[in-house]
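S.K.: Have a look at this one before I ask anything.
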Amino acid sequence: MSGEAHAIGHHGELIQGVFEDDEGYLHRGLVTLPLHNLRSTVHFVLDDSKNLTVEPPDRAKALRSAHLALAQLGHPAAGGHLSVRSDIPIGHGYGSSTADVVASIRAVAAALGTRLPPSSISRLAVAAETAADATGFETEALLFAQREGEVLEHFGGSLPPFILLGFKADGSSIINTLDLPPARYDLEEIQQFRVLRGMLARAVQHQDPHLLGRAATLSACISQRHFPKPGFDLVTDIADRHEALGLQVAHSGTLYGLLLDAQSSSVAQSVRAISTELENAGFQDIGAFPINGAGGFHVR
Amino acid sequence: MSVEVDFFRALERPRLAGLGPNIVAAAFPLMKLMPARFILDQAEKSGELEPGARIIETTSGTFGMAIALLAAARSYRLTLVTATTLIDAPYKSRLERLGANVVVLKDEKGDGTQAGRLAYLRQSMEDEPGTFWTHQYDNPGNWLSYARLAELFVRAMGQIDWLVGCIGTGGSLCGTGTFLRQLYPHLKIAAVDTHHSVLFGHPVGKRMLRGLGNSVIPANVRHHLVDEVHWVGAYAAYHFAHALLRHHGIFMGPTSGAAGLVGSWIARVHPAATVAVIMPDEGFRHADTVYNERWLASLPGWPCEAVQEPETLSVIAPREEWEWTRFEWGRAQLADVNKPSYGTD
């Protein structure tokens, strides 16, 4: 028996911080920016070997998640082979490892002729890699507690459409998410996160990319105090001068993203002008992506 | 709809009322529950407030009521220090019914004897170590707690151009304003004060509109956040409180009337802007006064016309209780603003 499944990557987070649950307890949480263009595909074949193997062999988290998924589905001793093919770059905050893990869990379920709901996938993903993104929920916008795999708030839809211009400060530095010490936010920041969460909810409910951009920018500024990224001031200056809707970052990676107004008639010119500036300033891997149907835009 | 873990979390939430096409008011049953709960929660977490300890504060206003409700529910002892001029018998007995020890100091000068109340408080803390002073004037927990209000406004309104609110300790307006302005840098903030309050440069005097303004300047008042100041007299505030009830079914205290008056005018003058107004407490406490015709008729100069717009001042000075004035504060510090000469006494 075999199964194949895929999972998408993301472009870091729109907001990340500490948030209250319904009982008043604080959790680390985030809202990811899903990216359809990047995906991990996993093919899984069940066999009688009682051994579980993975290709490429360094995908230990994918292997662990397959074990967990088999156990969850009642086949703890089953053997088989996972082959992982991914076009998601590793170590920049694109969520490559969660995508591998989620695609593996889905492939295992498919091989057993079943499907798991996003909530189960997320909990298995956290069990496999300590902290996971909300990749199991695809493009549903939600506030996700990445260390527990629990949803703190469903925003009730997808993110509003916009053009994302993504780039990296330094293409060579690779970050293992779990090596970063968690940020120690102060009380004012924790209170500000409340307001950011409210703004995300409003942006999704009213499909307002302007509010989304504002919330992302403030979250990026708070992140900068804890995990400084090179070139931050330069990027905020470019965002201001070109009237970007906002700026987002991969809080545990090297990615930057500028949110641009897809409704603006000059968005294509803005993308070209900003890209040239970024290139001249030494930023790398510059690319534009239409998000959630911000269509009609040609990716150069 | 889910049940809150703690009823106070529900009770501290305002109801939102659209007073017009571009103005939303947050009408609180008892706004001070928001900072009171936050301050107690933080003090419990840090260990500063131990189970069964005594809490002390120098207030007889709505913060006192909020702390009294919380202290009773959470089994703390409570001392509230007030003055003869600041508290009436029914309010005192409501606080005492909740288990509070209400200490009423003599106030011969009629200025609320802030210094006398503080001296009493400090002595009590010395006499009973482990006593926790909520310190609403200077405790950063006061303004920090209002992130919850900022969140509610953001969820309900999206875009916010003006924030209008009363100022007494500075917690609600400066707290909400601090959080909102980080997201809306262009946000304008209008502070609603009353005649004879020292907060924005009036000489100290007897304030007829209780619960608004102050006779001292708390650290939580951040003058540099404020774009314009409105001084609303007691009668102007009463008129608008009556109007809120008649036109919207909103039964609030007179300080809420003052905030509504200013907010509605700003919304009228700036029809393209969206205005958020903070209304701090309900009208029940004022049923026998502000909402009682006989009590109103006993006031000197009442009835009077309801004033429709503020007079813009060039020199800051108090006026009569029916009057409403305004000053372009321009995010200044208190010391920067050109104050009038008050004379020598």
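No value in this document is a laboratory result; all are computed from the given coordinates. This is a predicted model, so every value here is computed, not measured. Glycine also receives a Cβ, built like all others from the backbone with ideal geometry; neighbour counts cover every protein chain displayed.
S.K.: So for A:ASP170, B:ASP127, fewest C-beta neighbours within 10 Å to most, what's the order?
M.R.: Working: A:ASP170 14, B:ASP127 8.
Taking fewest neighbouring Cβ atoms as first place, the list is B:ASP127, A:ASP170.
S.K.: Next question. How much FRET efficiency would the formula 1/(1 + (r/R0)^6) give for B:PHE7 and B:ARG77, where r is the Cβ-Cβ distance and R0 is 22 Å, rounded to 0.05? Don't jump to the answer; show the numbers that get you there.
M.R.: Details: r = 21 Å, r/R0 = 0.97.
FRET efficiency, B:PHE7 to B:ARG77: 0.55.
S.K.: Based on the Cβ-Cβ distance from A:SER49 to A:HIS6, what FRET efficiency comes out when R0 is 30 Å, to the nearest 0.05?
M.R.: On the way: r = 25 Å, r/R0 = 0.83.
FRET efficiency, A:SER49 to A:HIS6: 0.75.
S.K.: Could you tell me the calculated FRET efficiency between B:LEU299 and A:HIS75, based on Cβ-Cβ distance and R0 = 60 angstrom, to the nearest 0.05?
M.R.: The calculated FRET efficiency here is 0.15.
S.K.: What GluC sites (Glu not before Pro) does region A:196-300 have in DSSP loop regions with at most 13 other beta carbons within 10 Å?
M.R.: Values: sites: A:GLU243, A:GLU277, A:GLU279; in loops: A:GLU243.
Sparse-neighbourhood loop GluC sites (Glu not before Pro): A:GLU243.
S.K.: Same structure again: Can you give the helix-only mean residue ellipticity at 222 nm for chain B, where every DSSP H stretch with n ≥ 4 adds -39500 (n - 2.57) and the sum goes over all residues, rounded to the nearest 500 deg cm²/dmol? The partial results should precede the final answer.
M.R.: Values: 11 runs with 119 residues, N = 345.
One gets -10500 deg cm²/dmol as the mean residue ellipticity at 222 nm.
S.K.: Applying a 10 Å radius around every beta-carbon, put B:243-255, A:66-78 in order of their mean neighbour count, most first. Can you show the working numbers first?
M.R.: Details: B:243-255: 19.0, A:66-78: 17.5.
With the highest mean Cβ count within 10 Å placed first, the list reads B:243-255, A:66-78.
S.K.: By the gyration tensor of its Cα atoms, with a ≥ b ≥ c the square roots of the eigenvalues, what is the shape of region A:118-220: rounded for a/c under 1.5, prolate for a/b over b/c, or oblate? Write out the running numbers ahead of the final one.
M.R.: Working: a/c = 1.35, a/b = 1.17, b/c = 1.16.
Rounded, because the longest to shortest axis ratio a/c is under 1.5.
S.K.: Same structure again: Report the label-to-label distance for B:ASN101 and A:PHE227 in nanometres (one decimal), using points 7 Å from each Cα along the Cα→Cβ vector.
M.R.: 5.2 nm
S.K.: Quick check for you: which residues of region A:9-28 have the amide N under 15 Å from the point 7 Å beyond the Cα of A:ARG39 toward its beta carbon?
M.R.: The answer is A:9-10, whose backbone nitrogens lie closer than 15 Å to the label point.
S.K.: Oh, and also: In what sequence do B:TRP322, B:TRP302, B:TRP329 fall when counting other Cβ within 10 Å, fewest first?
M.R.: Values: B:TRP322 18, B:TRP302 15, B:TRP329 23.
Taking fewest neighbouring Cβ atoms as first place, the list is B:TRP302, B:TRP322, B:TRP329.
S.K.: Check chain B and count each lysine pair with an alpha-carbon distance under 29 angstrom, considering only pairs eight or more places apart or from different chains.
M.R.: Final tally of qualifying lysine pairs is 14.
S.K.: Tell me, Kirkwood radius of region B:59-140 from alpha-carbon pair distances, in Å? Intermediate results must be reported in sequence, preceding the final value.
M.R.: Details: mean 1/r = 0.0760 Å⁻¹.
By the Kirkwood definition, the hydrodynamic radius is 13.2 Å.
S.K.: Another question about this same structure. Let me check I've understood the local charge: for A:LEU52, count other residues with C-beta under 14 angstrom from its C-beta, Lys and Arg +1, Asp and Glu -1. What total comes out? Could you put the intermediate results ahead of the total?
M.R.: Working: positive: A:LYS50, A:ARG59, A:LYS61, A:ARG64; negative: A:ASP47, A:ASP48, A:GLU55.
Computed value for this residue: +1.
S.K.: Now, a different point. Based on alpha-carbon centroids, what's the gap between region B:213-274 and region A:174-251 in Å, whole number please?
M.R.: One Cα centre to the other: 34 Å.
S.K.: Please give the length that would be gained between A:THR130 and A:SER265 if that part of the chain were fully extended, namely 0.36 nm times their separation in residues minus their C-alpha to C-alpha distance (nm, one decimal). Numbers along the way, then the final one.
M.R.: Details: separation 135, 0.36 × 135 = 48.60 nm, distance 4.39 nm.
In short, 44.2 nm is gained.
S.K.: Would you please state the base-10 log of I(q)/I(0) at q = 0.06, 0.07, 0.11, 0.12 1/Å for the protein assembly as shown, with intensities from the Debye formula using one equal scatterer on every alpha carbon?
M.R.: -0.41, -0.55, -1.07, -1.19
S.K.: OK, next. Under 12 Å from the Cβ of A:LEU152, count the other residues' Cβ atoms, weight Lys and Arg +1, Asp and Glu -1, and hand me the total.
M.R.: Numbers: positive: A:ARG28, A:ARG147, A:ARG194, A:ARG197; negative: A:GLU20, A:ASP21, A:ASP22, A:GLU23, A:GLU148, A:GLU150, A:GLU153.
Taking every other residue near A:LEU152 into account, the sum is -3.
S.K.: Could you work out the helix-only [θ] at 222 nm for chain A, with each DSSP H run of four or more residues adding -39,500 (n - 2.57) and the total divided by the number of residues, to the nearest 500 deg cm²/dmol?
M.R.: Values: 7 runs with 102 residues, N = 300.
Using -39500 (n - 2.57) per qualifying helix, the result is -11000 deg cm²/dmol.
S.K.: If you don't mind, another one. Please say if chain B is rounded, prolate or oblate, where rounded means a/c under 1.5 for a ≥ b ≥ c the square roots of the C-alpha gyration tensor eigenvalues, and otherwise the choice is prolate for a/b larger than b/c and oblate otherwise? Present the calculation step by step, with values, prior to reporting the outcome.
M.R.: Details: a/c = 1.44, a/b = 1.23, b/c = 1.17.
Since a/c stays below 1.5, the shape of chain B is classed as rounded.
S.K.: With a cut-off of 8 Å between alpha carbons and a minimum separation of six or more residues, what is the relative contact order of region B:42-155 in percent?
M.R.: 30 percent
S.K.: What number comes out for the charge environment of B:ASP127, summing +1 per Lys or Arg and -1 per Asp or Glu over other residues with Cβ under 14 Å away? Walk me through the intermediate numbers first.
M.R.: Working: positive: B:ARG54, B:ARG77, B:ARG122; negative: B:GLU126, B:GLU128.
It works out to a net charge of +1.
S.K.: While we're looking at this one, here's another question. Using Cα pairs under 8 angstrom and six or more residues apart, how large is the relative contact order of chain A, in percent? Let's see the in-between values first.
M.R.: On the way: 676 pairs, mean separation 62.6, N = 300.
Reported as a whole number, the value is 21 percent.
S.K.: Now for a separate question. Under the definition of Cα pairs under 8 Å and six or more residues apart, what whole-number percent is the relative contact order of chain B? Don't skip to the answer; put the middle values down first.
M.R.: On the way: 676 pairs, mean separation 60.0, N = 345.
It rounds to 17 percent for chain B.
S.K.: Which order do B:VAL5, A:VAL267, B:VAL262 fall in if you start with the one that has the fewest other Cβ atoms within 10 Å? Could the numbers behind the result be given before it?
M.R.: Working: B:VAL5 13, A:VAL267 20, B:VAL262 31.
If I rank by nearby Cβ atoms, fewest first, I get B:VAL5, A:VAL267, B:VAL262.
S.K.: So for the pair A:ALA60, B:LEU16, with labels modelled 7 Å out along Cα→Cβ, what separation do we get in nm?
M.R.: For A:ALA60 paired with B:LEU16, the spin-label model returns 4.8 nm.
S.K.: Over all Cα pairs of region B:115-184, how is the pair count split among 10 Å bins, expressed in % and running from 0 up to the last occupied bin?
M.R.: Reading the bins upward from 0: 18, 38, 21, 15, 7, 0.
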